[in-house]
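A quick write-up on the structure given underneath.
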Amino acid sequence: MDAARKKIWGWWFFDWASQPFNTLLITFIFAPYMKDLLGSGTAAQTVWGYGVGLAGIVIALASPFLGAIADRSGRRMPFIWLFSAMYVAGAGALWAAAPGDFSLLFVMTAFAIGMIGMEFATTFTNAMLPDLAPRAEIGKVSGSGWAFGYVGGLLSLIVMLALLQVNPATGKTLIGLPPMFGLDPASREDTRIVGPLTAVWYALFMVPFFLWVREPRHPGAVPVARAAREAWPELRATLRALPQNRSLLAFLIASMFYRDALNGIYTFGGLYAKGVLDWSIPQIGIFGILGTITGALFAWLGGKADDRFGPMAVITACLGVLIVVVIGVVFIDRSTVFGLAVGPESRLPDIAFYLLGGLIGAGGGALQSASRTMMVRQAEPEKITESFGLYALTGKATAFLAPLSIAAVTQITDNQSLGITPVIVLFVLGAGLLVFVRSTPVPRA
């Protein structure tokens, strides 16, 4: 394998290594476990919403500033090392979430540290995308990387369900084994191990990234200390100039809304299934496997469509699917499916939710990959990390909107189904603003 191909594979391994934080912690295992810790679906959805929202505010405020420092200094790797350490420390500390003997403040702080580390590391690795391939091929590189990450998340979820997580009804894992390492289900060690597993997975699979990815030399780079002093004036100038670049500004605002909505689905999907459909964590895990498979497949297919039709076509199609799907989710509970009354023993609500989950995975995977390549098309090449910092800023500037509005509506209505309706509004806002975004075709060789 030549050096250029190794660099691409190394970059892909970041997606593989980091995806379990989203798959195992934010969506399918740890978030639903919060209901068991707190004893109520509405309480868990409220606490989780406020915790994730506050972490999002930190990410929003710091990302563009850090990106400006990286562009001025020409250094991204030291930042990725630092944020990787935060990821591992935060995820590993979630082992402390023992029923009846835990500090909610400590648990949510640990989760926030890990999440902040993951998001900051993602900002810096995303900024490496233009250096990996010719401009006409970055859709395929981005889509394949996103698909590879989904496969990593899928395998980590299978490991969790097959070897560690116990089904309460059987006392065995998904494949009928006792949990590895003598984990005690009575103290929920079989569930709490998800934090250390996520940390070890990241540390192990980031090795190819650090071995194979090398930063190109940047002319005009300055020492990090000087870059830090100069970052704010440069960032302020960039922000002042944004209204003149209407396409970039419109894309940042549009993606701000629809990515926040998508994160809201991922953040609360497991909690919703736990509280509304009374699913066990292994059931939620199977739901996650299905969504991850469709996410990987359609991220890969979306990457090919991106290079053929452009990222705008992919983004628009995905948003249309997701709006319809989330509306459908609101009309599913244990007694009704899309307005049709069902008996308490009916499996129709479960089947419908599985199908919608597969569509969410498909739409979400392709949407995120195409948004990453659209950002490359909109950004100035010499300010690519700063631009991805702004992308992270807009992705998190309203990152509190979905979780906090879901938390507030859930608290006001005391109804989890009504609680997710703000997601629909955010998707519609994002889709509407795309009409102001210019997607220039990439010249082909």
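The values are calculated or read from the model by the stated rules, or taken from the named source; none is laboratory data. Keep in mind the model is a prediction, meaning the values are calculated, not measured. Methodologically, a virtual Cβ is constructed for each residue, glycine included, from the backbone with ideal geometry; neighbour enumeration extends over all protein chains shown.
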| Listed residues I8, I29; which is over 26 Å from M128 (Cβ atoms), out of contact with any Phe, Trp or Tyr (no Cβ under 8 Å at 6 or more places or on another chain), among the aliphatic types (A, V, I, L, M) and at pLDDT 85 or above? | I29
| query | Residues of segment 27-42 being of a type in the set (V, I, T) and closer than 20 Å to A299 by Cα, which ones? | reply | T27
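Yes/no per residue for (1) of a type in the set (S, T, N, Q); (2) within 23 Å of G269 (Cα to Cα); (3) buried (at least 20 other Cβ atoms within 10 Å of the Cβ):
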{"position": "T27", "(1), (2), (3)": "yes, yes, yes"}
{"position": "V47", "(1), (2), (3)": "no, yes, no"}
{"position": "L66", "(1), (2), (3)": "no, no, yes"}
{"position": "A70", "(1), (2), (3)": "no, no, yes"}
{"position": "A91", "(1), (2), (3)": "no, yes, yes"}
{"position": "L94", "(1), (2), (3)": "no, yes, yes"}
{"position": "A97", "(1), (2), (3)": "no, yes, yes"}
{"position": "S103", "(1), (2), (3)": "yes, no, no"}
{"position": "A133", "(1), (2), (3)": "no, no, no"}
| query | Is one or more of the residues making up segment 346-363 part of a helix (DSSP H, G or I), among the charged types (D, E, K, R) and modelled with pLDDT of 85 or more? | reply | yes
| Any pair with Cβ under 6 angstrom, 6 or more apart, that starts in segment 182-208 at a residue that is hydrophobic (A, V, I, L, M, F, W, C) and ends at one that is surrounded by fewer than 18 Cβ atoms within 10 Å (Cβ to Cβ) and part of a helix (DSSP H, G or I) | L183/E189
| query | Given the structure, is W300 under 20 Å from V326 (Cβ atoms) and not hydroxyl-bearing (S, T, Y)? | reply | no
| note | Restricting attention to segment 269-284, the residues that are charged (D, E, K, R), part of a helix (DSSP H, G or I) and out of contact with any helix residue (DSSP H, G or I) (no Cβ under 6 Å at 6 or more places or on another chain) number exactly 0
| Test for I315: is it more than 30 Å from I59 (Cβ to Cβ) and in a helix (DSSP H, G or I) | no
| query | Counting just the residues of segment 103-133 that are within 17 Å of M77 (Cβ to Cβ) and among the β-branched types (V, I, T), which one comes out modelled with the lowest pLDDT? | reply | T123
| request: Find the residue count for segment 162-180, including only residues that are modelled with pLDDT of 90 or more, aliphatic (A, V, I, L, M) and either touching an Asp or Glu at 6+ places or on another chain (Cβ under 6 Å) or surrounded by 17 or more Cβ atoms within 10 Å (Cβ to Cβ) (or both). | output: 3
| query | Within the bounds of segment 176-189, is there any residue that is in a helix (DSSP H, G or I), in contact with a helix residue (DSSP H, G or I) (Cβ under 6 Å, 6 or more places away or on another chain) and hydrophobic (A, V, I, L, M, F, W, C)? | reply | yes
| field | Selected residue (only one of L322, L348 is surrounded by fewer than 18 Cβ atoms within 10 Å (Cβ to Cβ) and of a type in the set (A, V, I, L, M)) | value | L348
| query | For residues in segment 229-260 being touching a Lys or Arg at 6+ places or on another chain (Cβ under 7 Å) and of a type in the set (G, A, S), which is surrounded by the fewest Cβ atoms within 10 Å (Cβ to Cβ)? | reply | S247
| message | So S40 ticks every box in (1) surrounded by fewer than 17 Cβ atoms within 10 Å (Cβ to Cβ); (2) under 30 Å from V141 (Cβ atoms); (3) at pLDDT below 85; (4) of a type outside the set (V, I, T) but one. Which box is left unticked? | response | (2)
| said: Being of a type outside the set (A, V, I, L, M) and closer than 15 Å to T292 by Cβ is the requirement here; does G195 meet it? | reply: no
| message | Would you confirm, using the coordinates I've provided, whether A402 is at pLDDT below 85 and touching a Leu at 6+ places or on another chain (Cβ under 9 Å)? | response | yes
| field | Of all residues in segment 261-284 being of a type in the set (V, I, T) and over 18 Å from the mean Cα position of the chain (by Cα), the one that is surrounded by the fewest Cβ atoms within 10 Å (Cβ to Cβ) | value | V276
| remark: Picking from I57, I69, the residue that is over 29 Å from L161 (Cβ atoms), under 19 Å from the mean Cα position of the chain (by Cα) and not hydroxyl-bearing (S, T, Y) would be I57
| message | When you scan segment 150-160, do you find a residue that is hydrophobic (A, V, I, L, M, F, W, C), surrounded by fewer than 24 Cβ atoms within 10 Å (Cβ to Cβ) and not in a helix (DSSP H, G or I), even just one? | response | no
